[in-house]
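Visitor: Structure provided below as structure tokens; questions to follow.
The values are calculated or read from the model by the stated rules, or taken from the named source; none is laboratory data. None of the values given here were measured: they were computed from a predicted structure. For neighbour counting, all protein chains shown are included, and Cβ atoms are generated from backbone atoms with ideal geometry for every residue, glycine included. To get the accessible areas, we keep the full protein, side chains included, count just its heavy atoms, and leave off ligands, DNA and RNA. Shrake-Rupley method; radii C 1.70, N 1.55, O 1.52, S 1.80 Å.
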Amino acid sequence: MAPPLITLLTDFGTADHYVGAMKGVMACICPEARFVDITHDIEPYAIADAAFTLGQSWQYYPKGTIHLVVVDPGVGSTRRPILAEVGGHNFVAPDNGVLTMVLASDPIAIVRQITNQRYFRNPVSQTFHGRDIFAPVAAHLASGVPAVEFGDRIDDPVRLPFHDLQNPDGSCDGAVLRIDRFGNIITSLRADLAETKESGCLEIGSRFVTRLAASYSEVEPGSLFLIRGSSGFLEISINQGNAAREIGAGTGDPVRFRRAGDMPANL
Amino acid sequence: MAPPLITLLTDFGTADHYVGAMKGVMACICPEARFVDITHDIEPYAIADAAFTLGQSWQYYPKGTIHLVVVDPGVGSTRRPILAEVGGHNFVAPDNGVLTMVLASDPIAIVRQITNQRYFRNPVSQTFHGRDIFAPVAAHLASGVPAVEFGDRIDDPVRLPFHDLQNPDGSCDGAVLRIDRFGNIITSLRADLAETKESGCLEIGSRFVTRLAASYSEVEPGSLFLIRGSSGFLEISINQGNAAREIGAGTGDPVRFRRAGDMPANL
Amino acid sequence: MAPPLITLLTDFGTADHYVGAMKGVMACICPEARFVDITHDIEPYAIADAAFTLGQSWQYYPKGTIHLVVVDPGVGSTRRPILAEVGGHNFVAPDNGVLTMVLASDPIAIVRQITNQRYFRNPVSQTFHGRDIFAPVAAHLASGVPAVEFGDRIDDPVRLPFHDLQNPDGSCDGAVLRIDRFGNIITSLRADLAETKESGCLEIGSRFVTRLAASYSEVEPGSLFLIRGSSGFLEISINQGNAAREIGAGTGDPVRFRRAGDMPANL
């Protein structure tokens, strides 16, 4: 049997000692655990961004994987630490919405409030629950402690509004979820809205992106186009260019998908 | 038994091939070794910063862990490569002060000068001892070579002055050890100086930080406060803000903890 | 026997979910595989830079290592995915020149076009072959599928011109391969051109670097010098300074090594 796998997703960056301290704590509790970093470059406190990034990575891991998520602006407050079982995976995180996309994928997710201090470091710092609560809980899970040991079930975990709203006229409103490293603009609109090249166009700021491409390389460099992204969402891209810089788009910007019949006449 | 664990802490960054080359060298010598990156983002040649980061992470690892530290402005000079046994851990590093905090934690640390070329790559480059000396020595240690094989003991390893000085009037002088990713200002002053809210205040630049908080979240966003940090040192923070940017503080800046009776009258 | 080792080298950065998704895919196919990141900080689409970085790291790994390389501006086009067996190592990459330095090291390298869709994810996204083709192929290799299963041999993999040209007058023309984190200027000129301090000098822009040093530390801080780098190439450096910034040099800039008799008279 393969050793237990723990993924890490935080806003701690990679320059400080925080991630190293968490891995050390886990290596003491579960020496055979293996760590995979999803990212530590989430902008400080950017919960929605972490929720998206987690939503795009956890599903590719084997069942039984433990996902440790620490983006935690409320550390030291009364926000709850939680443990969620979703689709055969375990998630250890603060209850601030960071699991929104994970929970949305499974209506029978089991969420527990982590309360059993037996599995915490002692004493617990009020500024670094990643090291003192979340990491040790993840490692105890990895070493075989059953989920039920950590605390009772709750039915009201925090969920963020990732909106993707159908309007009466058939258009659909969403927002920019993320600008990736290549400048691709990943929206919250489902890729299947743009089923064919005639389905419609995407409105962002003062622009209407009308061209739908099947791959980056089919479009000449320099032109904006719409693409069904690998994330399952609609994206706006430029072949070998930076669409976000070209448009001036940022995370959270509103976007609208307009049906073909509803597009401005001059397009 | 869990496979041997080697942590890495360097100023090599993550864009060049240097870290990848070191791990390859180690994987050849000790194929079962596992690697954990503490950080490679130490500023080039910033020995004191590396000493602090190491001091904040090694202690969380299991006994038997090997810590490979390569921040080495003196590569190719006569500075010694050393191997230290501290508290059941092994450290492989250049003798330039990078182990200062580790050595301070254990009066019976054993330090050896690494001289046995049998455990080096051949030939040894004069510009990359990380690959040719430190990594192979760490990997040979991991595969079971006893420390005594690498060289004789020395009693004068380089130690940096991390000052935390008690003045006759009861005040205490220190310095900023590090600005972390969140803008927290980590000082060299021990957290227990500020035992209660009435203990005193911290002077930094022209500012006096008087408020002591137990957690970030108990303070309204925007206000500076003092906190006993998770590192065991006093820190200056702003809840969900960037204290270092607000104050204009940087690594090495002097700080002073003043006892309650010694504070300026107008505070 | 040690578990299979897969190295990763991409231009995906570390902030997005792309690398995490690839590792998840691989962990499902080959749960015992271990991952080592060479770098994910290759500039987007910088094939030559990736070729150099790979050329400087793969050789240090044990035989049997699988190197997964995804710098792939042509994703979704007709560029071929390839699998190369070189010196006992396996390489999985797009056929765009990224293996140039690896292939140059072994005249009997075996290169195959990856065509067997049985080893792909299904469906294959047209924008993320890293996740859907390259990662699963690497993981299937790691779990023991023989190379011949993935596709037929080809004899025309793309090779980039890494020039290092001998001129009739004995001088040698090359280019800057890379500026490293320390500002060292790594050229494509072989280190052994500068066998002795009298061999010649290096011309870059309007400068002639005449001094040859054996180590950084033998030169006073502030002075430019030539050094036989740990990569096997000539480098231009400043002890504890940044040579690239001093000179204003960048990747791709031409350099020329001039024999001693061919140097300008006023040097």
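Visitor: What's the number of the condition A:Ile108 fails, among (1) open to solvent by 30 Å² or more (accessible area, probe 1.4 Å); (2) in contact (Cβ under 8 Å) with a residue 12 or more places away in the chain; (3) not in a helix (DSSP H, G or I)?
Guide: Failed condition: (2).
Visitor: When you scan region A:74-83, do you find a residue that is surrounded by 22 or more Cβ atoms within 10 Å (Cβ to Cβ) and either in contact with a Lys or Arg (Cβ under 9 Å, 6 or more places away or on another chain) or acidic (Asp, Glu) (or both), even just one?
Guide: Yes.
Visitor: Do we have any residue at all in region C:140-151 that's of a type in the set (Phe, Trp, Tyr), out of contact with any Asp or Glu (no Cβ under 7 Å at 6 or more places or on another chain) and not in a helix (DSSP H, G or I)? Give the derivation first.
Guide: Of region C:140-151, the ones of a type in the set (Phe, Trp, Tyr) are C:150.
Adding the requirement that they be out of contact with any Asp or Glu (no Cβ under 7 Å at 6 or more places or on another chain) leaves C:150.
With the extra rule that they be not in a helix (DSSP H, G or I), the set shrinks to none.
Looking through region C:140-151, none of the residues is of a type in the set (Phe, Trp, Tyr), out of contact with any Asp or Glu (no Cβ under 7 Å at 6 or more places or on another chain) and not in a helix (DSSP H, G or I).
Visitor: Given the structure, is A:Phe208 more than 14 Å from chain C (Cβ to nearest Cβ) and over 21 Å from C:His17 (Cα atoms)?
Guide: Details: more than 14 Å from chain C (Cβ to nearest Cβ): yes; over 21 Å from C:His17 (Cα atoms): yes.
Criteria met by A:Phe208.
Visitor: Report yes if some residue within region C:47-69 is open to solvent by 10 Å² or more (accessible area, probe 1.4 Å), closer than 19 Å to C:Asp11 by Cβ, within 14 Å of chain A (Cβ to nearest Cβ) and not in a loop (DSSP other than H, G, I, E, B); otherwise report no.
Guide: yes
Visitor: Of everything in region B:25-46, what is assigned to a helix (DSSP H, G or I) and either open to solvent by less than 40 Å² (accessible area, probe 1.4 Å) or more than 7 Å from every other protein chain (Cβ to nearest Cβ) (or both)? Give them in sequence order.
Guide: B:Val25, B:Met26, B:Ala27, B:Ile29
Visitor: Spot the failing condition for C:Asp180; the list is (1) free of Cβ contacts under 8 Å to residues at least 12 places away in the same chain; (2) open to solvent by 20 Å² or more (accessible area, probe 1.4 Å), and only one is missed.
Guide: (2)
Visitor: Something else now. I'd like to check which strands (runs of 3 or more DSSP E) are fully inside region C:169-267 and have at least 2 residues that are farther than 28 Å from C:Ser105 by Cα.
Guide: Values: elements: C:172-179, C:185-190, C:200-204, C:207-209, C:224-228, C:233-238, C:254-259.
Passing ranges, in order: C:207-209, C:224-228.
Visitor: Which condition number does C:Gly200 fail, the rest of (1) touching a helix residue (DSSP H, G or I) at 6+ places or on another chain (Cβ under 6 Å); (2) closer than 16 Å to C:Phe91 by Cα being met?
Guide: (2)
Visitor: If you go through region B:59-79 one residue at a time, do you hit one that is among the polar types (S, T, N, Q) and within 20 Å of the chain's Cα centre (by Cα)? Spell out the reasoning first.
Guide: Residues of region B:59-79 that are among the polar types (S, T, N, Q), as a first pass: B:59, B:65, B:77-78.
Adding the requirement that they be within 20 Å of the chain's Cα centre (by Cα) leaves B:59, B:65.
Checked against the condition, which is being among the polar types (S, T, N, Q) and within 20 Å of the chain's Cα centre (by Cα), region B:59-79 yields at least one hit.
Visitor: Search region A:84-103 for residues being in contact with a helix residue (DSSP H, G or I) (Cβ under 8 Å, 6 or more places away or on another chain) and under 9 Å from A:Pro157 (Cβ atoms), and hand back the single one that is surrounded by the most Cβ atoms within 10 Å (Cβ to Cβ).
Guide: Top of the filtered list is A:Leu99.
Visitor: Sticking with this structure for a sec: For region B:229-252, give me the residue count where each residue is open to solvent by less than 30 Å² (accessible area, probe 1.4 Å), farther than 14 Å from A:Pro73 by Cα and either in contact with a His (Cβ under 6 Å, 6 or more places away or on another chain) or not acidic (Asp, Glu) (or both). Even if it seems obvious, please write down each step before you answer.
Guide: Of region B:229-252, the ones open to solvent by less than 30 Å² (accessible area, probe 1.4 Å) are B:229-231, B:234-239, B:241, B:243-244, B:249-250.
Still in the list and also farther than 14 Å from A:Pro73 by Cα: B:229-231, B:234-236, B:243-244, B:249-250.
Then keep just the ones that are either in contact with a His (Cβ under 6 Å, 6 or more places away or on another chain) or not acidic (Asp, Glu) (or both); that gives B:229-231, B:234, B:236, B:243-244, B:249-250.
Summing the residues that are open to solvent by less than 30 Å² (accessible area, probe 1.4 Å), farther than 14 Å from A:Pro73 by Cα and either in contact with a His (Cβ under 6 Å, 6 or more places away or on another chain) or not acidic (Asp, Glu) (or both) in region B:229-252 gives 9.
Visitor: Ok, one more. Determine if region A:192-206 includes at least one residue that is of a type in the set (A, V, I, L, M) and in contact (Cβ under 8 Å) with a residue 60 or more places away in the chain. Outline the logic, then answer.
Guide: Start the filter on region A:192-206 by keeping residues that are of a type in the set (A, V, I, L, M), which leaves A:193-194, A:202, A:204.
Imposing the further condition that a residue be in contact (Cβ under 8 Å) with a residue 60 or more places away in the chain reduces the set to A:193-194.
Yes.
Visitor: Then there is this: Which condition number in (1) over 30 Å from C:Leu234 (Cα atoms); (2) surrounded by 21 or more Cβ atoms within 10 Å (Cβ to Cβ) is the one that B:Val137 fails?
Guide: All conditions are met except number (1).
Residue by residue, here is whether (1) modelled with pLDDT under 95; (2) on the phi > 0 side of the Ramachandran plot; (3) over 16 Å from the mean Cα position of the chain (by Cα); (4) not polar (S, T, N, Q) holds:
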{"position": "B:Lys23", "(1), (2), (3), (4)": "no, no, yes, yes"}
{"position": "B:Met26", "(1), (2), (3), (4)": "no, no, yes, yes"}
{"position": "B:Ile29", "(1), (2), (3), (4)": "no, no, yes, yes"}
{"position": "B:Phe35", "(1), (2), (3), (4)": "no, no, yes, yes"}
{"position": "B:Ile38", "(1), (2), (3), (4)": "no, no, no, yes"}
{"position": "B:Asp41", "(1), (2), (3), (4)": "no, no, no, yes"}
{"position": "B:Pro44", "(1), (2), (3), (4)": "yes, no, no, yes"}
{"position": "B:Thr53", "(1), (2), (3), (4)": "no, no, no, no"}
{"position": "B:Ser57", "(1), (2), (3), (4)": "no, no, no, no"}
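Visitor: Further question on the same structure: For region B:211-248: of the residues being within 9 Å of chain A (Cβ to nearest Cβ) and among the hydroxyl-bearing types (Ser, Thr, Tyr), which is farthest from B:Gly174 (Cα to Cα)? It would help to see each step written out before you state the result.
Guide: First pass over region B:211-248, keeping only residues within 9 Å of chain A (Cβ to nearest Cβ): B:213-218, B:227-231, B:235, B:237, B:239-240, B:242.
After this cut, where a residue has to be among the hydroxyl-bearing types (Ser, Thr, Tyr) as well, the list is B:215-217, B:230-231, B:237.
Details: B:Ser215: 23, B:Tyr216: 23, B:Ser217: 26, B:Ser230: 18, B:Ser231: 15, B:Ser237: 17 Å.
So, considering only residues that are within 9 Å of chain A (Cβ to nearest Cβ) and among the hydroxyl-bearing types (Ser, Thr, Tyr), the one farthest from B:Gly174 (Cα to Cα) is B:Ser217.
Visitor: Looking at (1) outside any strand (DSSP E or B); (2) at pLDDT 95 or above, can you tell me which one C:Pro161 breaks?
Guide: (2)
Visitor: Cβ contacts < 9 Å: first residue free of Cβ contacts under 8 Å to residues at least 60 places away in the same chain and away from every other protein chain (no Cβ under 12 Å), restricted to region B:113-140; second residue in a loop (DSSP other than H, G, I, E, B) and acidic (Asp, Glu), any location; separation 6+ or different chain. Result?
Guide: Listed by first residue and then by second, the contacts come to B:Gln113/B:Asp95; B:Gln113/B:Asp152; B:Thr115/B:Asp152.
Visitor: Could you tell me which residue of region B:185-228 is nearest to the chain's Cα centre (by Cα), considering only residues that are open to solvent by less than 30 Å² (accessible area, probe 1.4 Å) and closer than 17 Å to A:Ser77 by Cβ?
Guide: B:Ile227
Visitor: Looking at region B:1-22 only, could you name the residues that are closer than 22 Å to C:Phe182 by Cβ, within 7 Å of another protein chain (Cβ to nearest Cβ) and open to solvent by 10 Å² or more (accessible area, probe 1.4 Å)?
Guide: Within region B:1-22, B:Phe12, B:Thr14, B:Ala15 qualify.
Visitor: Taking region C:81-104 as the region of interest, how many residues are within 13 Å of chain A (Cβ to nearest Cβ) and in contact (Cβ under 8 Å) with a residue 60 or more places away in the chain?
Guide: The initial filter retains those residues of region C:81-104 that are within 13 Å of chain A (Cβ to nearest Cβ), namely C:94, C:96.
Keeping just the survivors that are in contact (Cβ under 8 Å) with a residue 60 or more places away in the chain gives C:96.
Residues flagged as within 13 Å of chain A (Cβ to nearest Cβ) and in contact (Cβ under 8 Å) with a residue 60 or more places away in the chain within region C:81-104 amount to 1.
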